[in-house]
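Read the figures in this text as sums done on the coordinates, not as results from a lab. A quick note: this is a predicted structure, and the numbers were derived from the prediction, not measured. Cβ coordinates were reconstructed from backbone atoms using ideal geometry, including for glycine residues, and neighbour counts include every protein chain displayed.
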Amino acid sequence: MHPNPAFRQISQVRNIGFARERGFGLLAIGTDTAPLISHIPFLLSEDGDLAEFHLVRSNPIARMLATARPARLAVQGPHSYVSPDWYGVTDQVPTWNYVAVHLVGEVTLQPQTAMRDLLDRQSAHYENRLLPKPPWLTTKMTSEVLDRLMRQIVPCAMRVDEISATWKLGQNKPDEVRLRAAGHLAPAAMAQETDLLAALMRDPPN
């Protein structure tokens, strides 16, 4: 996380809500060499204390979970390069604005009998965003195919012990300077979700 406290003043309620809404992140677990990383969709409880997800059984991380392992789940938000010219004042340097929330805790394998319930809840969480489309349900699959696919994945849970976040939106700049830079983000389209990043820079959350 960025060390500047100006970028770390967002409430935990907002951080949890952001991670829950995104529902996708990078799961990292340490090894004797380089960390193992998996890109995963996840469910996060209302209070932010529990993240649930599944892994393909052959995933190296899944094979490490015979015992509980400490892990970090990094949730990436909008981000973009910011040119010093956009500030309209002198003596500025290039930077990169972004939003990121990290969940840290212990990951454990869950009983395989929990897989169907987790799959149903995960799919419902995303399908409900597609309304009025009728939601996809596991009951639409033949039981033989569903059973075969579920044997290939394993349910996991992370007990979240720590939540940290960086909302680097130019809060260390005067308002008029930050707003000028925000006005250039979307037209430049230098990275991802620059419209959202510009909106956050214009009105940083708290």
| Distances over 18 Å make up what percent of all Cα-Cα pairs in segment 35-78? | 33 percent
| query | Using 20 Å as the cut-off for backbone N distance, which residues of segment 21-44 belong to the label zone defined by a point 7 Å from the Cα of Asp117 along Cα→Cβ? | reply | 42-44
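In deg cm²/dmol, rounded to 500, what helix-only [θ] at 222 nm does the chain give when every DSSP H run of at least 4 residues adds -39500 (n - 2.57) and the total is split over its residues?
Computed ellipticity for the chain at 222 nm equals -8500 deg cm²/dmol.
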| field | Stretch gain in nm, segment His39-Tyr126, where the contour uses 0.36 nm per residue and the Cα spacing is subtracted | value | 29.7 nm
| query | Is the shape of segment 1-40 best called rounded, prolate or oblate, per the rule: a/c under 1.5 gives rounded, else a/b larger than b/c gives prolate, else oblate, with a ≥ b ≥ c the square roots of the Cα gyration tensor eigenvalues? | reply | oblate
| message | For segment 116-202, place one equal point scatterer on every Cα, skip the solvent, and apply the Debye formula. What is log10 of I(q)/I(0) at q = 0.19, 0.24 Å⁻¹? | response | -0.90, -1.11
| request: For the chain, just run the numbers: alpha carbon Rg, then divide by 2.2 N^0.38 Å, N being how many residues it has. | output: 1.20
| What is the calculated FRET efficiency for Ala191 to Val89, with r their C-beta to C-beta distance and R₀ = 22 Å, to the nearest 0.05? | 0.45
| message | Bin width 10 Å, origin at 0, all Cα-Cα pairs of segment 22-98: what percent of pairs per bin? | response | 15, 36, 21, 16, 10, 2
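What number do you get for segment 63-158 when its Cα radius of gyration is normalised by 2.2 N^0.38 Å, N = residues? Walk me through the numbers before you get to the answer.
Values: Rg = 21.2 Å, N = 96, 2.2 N^0.38 = 12.5 Å.
Ratio of Cα Rg to 2.2 N^0.38 Å: 1.70.
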| message | Show me the three semi-axes of the equivalent ellipsoid for segment 111-155, from the C-alpha gyration tensor (sqrt of 5 times each eigenvalue), largest first, rounded to whole Å. | response | 21, 13, 6
| Which trypsin sites (Lys or Arg not before Pro) does segment 116-170 hold that lie in a coil by DSSP with at most 12 other beta carbons within 10 Å? | Arg151
